[in-house]
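Let me begin by presenting the structure, written as structure tokens, before commenting on it.
The values are calculated or read from the model by the stated rules, or taken from the named source; none is laboratory data. Note that this is a predicted model, so its numbers are computed, not measured. Cβ coordinates were reconstructed from backbone atoms using ideal geometry, including for glycine residues, and neighbour counts include every protein chain displayed.
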Amino acid sequence: MSSSTTASVSTHILDTSVGRPAEGVAVQLAARSGMLADWQALGGSATDADGRCKDLPALPAGTTHVRLDFAVEAYFQRSENKQADAQQDAPANRDSGTTGVFFPEVAITFAVNPGEHYHVPLLLNPFGYSVYRGS
């Protein structure tokens, strides 16, 4: 596919609760052509040690909307297990049920134009997240 006929997507995740990249988060990519079209699952990847997904699938020509699904619950469960002894009264242990994760999944949907690249960083912590169009 030519870059002039389709958009491209990349992402990375920063865990703002520890000030480090979030490694090992599964990310799924879906696309659709038109606001009323069905979503087409394209596959996925997982974040590397730098919190980046460098091998997300290419978008089909005609894509108008993209959805990134981040499976963050498993990441936070792994992180909690590592930090449990170091932070006995961490916010993750406070009034949040058994997992300590308020948002187990984060789904980001955005519109795209052909030929443009979209870098979508996710700033993440156990009780909130923020996303923006990066460069």
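In the condition set (1) closer than 18 Å to Ile108 by Cβ; (2) at pLDDT 95 or above; (3) within 12 Å of the chain's Cα centre (by Cα), Leu42 is compliant with all but (3). Checked against the criterion of being surrounded by 16 or more Cβ atoms within 10 Å (Cβ to Cβ), over 18 Å from Val120 (Cβ atoms) and modelled with pLDDT of 85 or more, the candidates Ser33, Ser79, Ser17 yield just one match: Ser17.
Comparison of Val18, Val27 shows that the only residue that is in contact (Cβ under 8 Å) with a residue 24 or more places away in the chain, within 22 Å of Val101 (Cα to Cα) and touching a Gly at 6+ places or on another chain (Cβ under 8 Å) is Val27. Is there a residue being part of a strand (DSSP E or B), among the small types (Gly, Ala, Ser) and under 16 Å from the mean Cα position of the chain (by Cα) anywhere in region 3-23? Within region 3-23 (the criterion being part of a strand (DSSP E or B), among the small types (Gly, Ala, Ser) and under 16 Å from the mean Cα position of the chain (by Cα)), the answer is yes, since at least one residue qualifies.
Please tell me if Ala37 is over 26 Å from Arg78 (Cα atoms) and part of a strand (DSSP E or B). Taking the combined requirement at face value, the residue does not satisfy it.
Among the residues of region 46-75, those that are farther than 9 Å from Ala30 by Cα, modelled with pLDDT of 95 or more and in a strand (DSSP E or B) comprise Ala46, Arg52, Phe70, Ala71. Within the option set Asp69, Asp15, being within 14 Å of Val106 (Cα to Cα), in contact with a helix residue (DSSP H, G or I) (Cβ under 8 Å, 6 or more places away or on another chain) and not hydrophobic (A, V, I, L, M, F, W, C) holds for one residue only, Asp15.
Taking the stated definitions as given, is Ala31 within 15 Å of Tyr118 (Cα to Cα) and small (Gly, Ala, Ser)? Considered against the rule, which asks whether it is within 15 Å of Tyr118 (Cα to Cα) and small (Gly, Ala, Ser), Ala31 comes out as yes.
Yes/no per residue for (1) modelled with pLDDT of 95 or more; (2) surrounded by fewer than 17 Cβ atoms within 10 Å (Cβ to Cβ); (3) under 19 Å from Ala74 (Cα atoms):
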{"position": "Ala90", "(1), (2), (3)": "no, yes, yes"}
{"position": "Asn93", "(1), (2), (3)": "no, yes, yes"}
{"position": "Ser96", "(1), (2), (3)": "no, yes, yes"}
{"position": "Thr99", "(1), (2), (3)": "no, yes, yes"}
{"position": "Pro104", "(1), (2), (3)": "no, yes, yes"}
{"position": "Thr109", "(1), (2), (3)": "yes, yes, no"}
{"position": "Pro114", "(1), (2), (3)": "no, yes, no"}
{"position": "His119", "(1), (2), (3)": "yes, yes, no"}
{"position": "Tyr129", "(1), (2), (3)": "yes, no, yes"}
